[in-house]
Amino acid sequence: MRTAKQLSVSLVNKPGRLADMLGGLAKEKVNFLALSVMDSRDRGTVRFVPDNFDSATEVLEKLNIRFDAADVLLVDVPSQNGAFRNICERLATDHLNIDYAYCSVNPERGAKGSMLAVIKVNDLAKAQRVLQVNGHSKRQTPRRRPIHAR
């Protein structure tokens, strides 16, 4: 697990806009650790973790594309049933909210079948502590309160 800088851009939902942006990044040899594209009617949101943050921001500025940057967690998720659910449960147990998440093939693991999860949380430092040391939290019993406590 480690942290990384993610870039988010909003593009007009028209043919060629995403390809143009990706072409500009490729021309400057910027690769991705992970990429997500979501639409919302007339605009699309592209979130990606570049391998070279500074080069990626320079390209976006040259292309006149506005962007936002955020710190995210990159978590290795083993290819096992329930592995990502386990990560989500551990974060929830410590009252950490996942704002959003998406996955990619883990470039460091290659053909071993693990995923790389990109997770945006409300408290990055606390999430790192919760997910530390061989994927085990120090606390064994959940501290979650019921949603509708009386």
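Laboratory data are not the source of any read-out in this text; all were calculated from the coordinates shown. A quick note: this is a predicted structure, and the numbers were derived from the prediction, not measured.
If you take the square roots of the eigenvalues of the alpha-carbon gyration tensor of segment 2-71 and sort them as a ≥ b ≥ c, do you get rounded (a/c under 1.5), prolate (a/b over b/c) or oblate? Mind dumping the intermediate values first?
On the way: a/c = 1.79, a/b = 1.29, b/c = 1.39.
Oblate shape, in that a/c is at least 1.5 and b/c is the bigger or equal ratio.
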Amide H of R43: which non-local residues (sequence gap of 5 or more, or other chain) have their own amide H closer than 5 Å, using H built in the peptide plane? N13
Here segment 54-59 yields Karplus 3J(HN,Hα) values (6.51, -1.76, 1.60; θ = phi - 60°; whole Hz; Gly and Pro given as x) of 4, 5, 4, 5, 4, 4
Taking amide H positions as placed 1.01 Å from N in the peptide plane, with prolines and chain starts having none, which residues 5 or more places from L96, or on another chain, fall under 5 Å of its amide H? none
Just to check I understand the Karplus step: with θ = phi - 60° and J = 6.51 cos²θ - 1.76 cosθ + 1.60, what whole-Hz values come out for segment 13-19, glycine and proline as x? 7, 9, x, x, 5, 5, 4
